[in-house]
1. Once the dipole of the chain is set up with Lys and Arg at +1 and Asp and Glu at -1 on Cβ about the Cα centre, which of Thr115, Gly194, Phe212 lies farthest towards its positive end?
2. Could you pull the Cα extents of the chain along its three principal axes, largest to smallest, in whole Å?
3. Calculate the radius of gyration of the Cα atoms of the stretch 123-196 to one decimal place, then report Dmax, the largest Cα-Cα distance, as a whole number, both in Å.
4. If the cut-off is 25 Å between C-alpha atoms, which lysines fall inside it for Lys359, apart from same-chain ones fewer than 8 positions away?
5. Counting each DSSP H run of 4 or more residues in the chain as -39500 (n - 2.57), what helix-only mean residue ellipticity at 222 nm follows after dividing by all residues, to the nearest 500 deg cm²/dmol?
6. Based on the Kirkwood radius over alpha-carbon pairs, what is the Stokes-Einstein translational diffusion coefficient of the stretch 181-251 at 20 °C with 1.002 mPa s viscosity, in µm²/s?
7. In degrees between 0 and 90, to the nearest 10, how far off the longest principal axis of the chain does helix 243-252 point, with axes built from Cα atoms?
8. How large is ³J(HN,Hα), in whole Hz, for each residue of the stretch 22-32 in order, when computed from phi with the Karplus curve 6.51 cos²θ - 1.76 cosθ + 1.60 and θ = phi - 60°, using x for Gly and Pro?
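Nothing in this text is a laboratory measurement; each read-out follows from the coordinates by a stated rule. Here the structure is a predicted model, which means the values were calculated and not measured. Positions of Cβ are generated from backbone atoms using ideal geometry, with glycine treated the same way; all protein chains shown enter the neighbour counts.
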Amino acid sequence: MVVTAYEVSGKIDYSKLVEKFGSKTIEPDLLKKLEAQTVGKGRVPKLHRFLRRNIFFSHRDLDALLGTVEKKKPMYLYTGRGPSSAAMHLGHLVPFLFTQWLQKALGCPLVIQMTDDEKFLFKGTYTDSDGDNLQHFASLTTENARDIIACGFDFEKTFLFSDLDYVGRMYPNICRIWKAVTTNTVNGIFGFDGTSNIGKIAFPAVQAAPSFASSFPTVLGVGSDKRRDTEYACLIPCAIDQDPYFRMTRDIAHKLVGKGHPLGGKPALIHSKFFPPLQGAEGKMSSSDTNSAIFLTDTPKDIERKIKQHAFSGGKDTKELQQEHGADLEVDVAYQWLRFFLEDDDELEAIGKSYGSGKGEFWSTGLVKARLVKVLQDLVAQHQERRAKVTDEEVRKWMSERFIG
């Protein structure tokens, strides 16, 4: 098992990962507290399926964050996307679907960071004839923004920004973070060495800066003169491989806020498990292997072909063995994907019982894959319909600096 900010591979043992990272699992009592501050306030009918099914499973200071919500103190959400490809896939969609629910459930502002600078620093190229491709990553921000907007966020409470455009506003806090964190610390956390370009070493501070409300003087109404007085708490929904950035952030957070901050300046986090690739329930989905992923641009035929041909099966090799022993649900990709995207808990349970026993309506791999194909075709078609309505002008509106607090 390898889980870093830049690599995820092998069979993931989430219990060991929580122990290694030092986070906490989300226990039933904490879920009840979250339910009270969301469902209990009448904003949403029930907890998101990602919470009901332990897909968002780990946290840092979520209990303290909910305590500030209970006291009616201000909070905001912060998430992001590194635009490495024009087409996003279903794995990229997971944190945005959950963040959209959180925004509605908590009724709070949201900032979405597009790290086009990071992608250039880590994946950019240069040739003497053509120069560099920085602008390529800037253009991917616009394309990915369309997919993000199509997830259904509240325009009045959402600010979507490109680092290349907005970094000047965050620069005072970036400087403070640079001052507070040593090169040895960054190298130890992220594995940089003498061969790394200086931008890579500097970047973690850029991803850390939106954790502080004072990085958004206009957007959240926190002027630089009030930097140390703000009570704004921050909650970051993300996959657990992004946790190293915010462990670093939390260690120095007290230096960027006043003593009255309810969490001592530390951002709270809620972590998701990885969305598995089609070839097997290990690691996470990748844009670089088109057959490991369902993209938001895929046609209904593409989706059907990929699921039928490439989705790893936990079913047995013959009909007789399948009906005798049933499928291994833990490794079966079609079933695991239904856990992410099939809303109906009763139907999911019925499919699991049938497929896991080899008996009933969904006894075989083919039947389970067919159900998944229909779920994904509907989800992707609806997303594509919403995305088609997002014009360049609409993107500019979402990325315009304005008050959302």
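1. Phe212
2. 71, 59, 43 Å, listed from the longest principal axis down.
3. 16.9, 45
4. Filter leaves Lys308, Lys316, Lys319, Lys369, Lys374.
5. Details: 17 runs with 191 residues, N = 405.
Computed ellipticity for the chain at 222 nm equals -14500 deg cm²/dmol.
6. On the way: Rh = 13.7 Å.
Once the numbers are plugged in, D ends up at 157 µm²/s.
7. Approximately 30 degrees, to the nearest 10.
8. 3J(HN,Hα) across the stretch 22-32, in whole Hz: x, 8, 10, 6, 7, 8, x, 5, 6, 4, 5.
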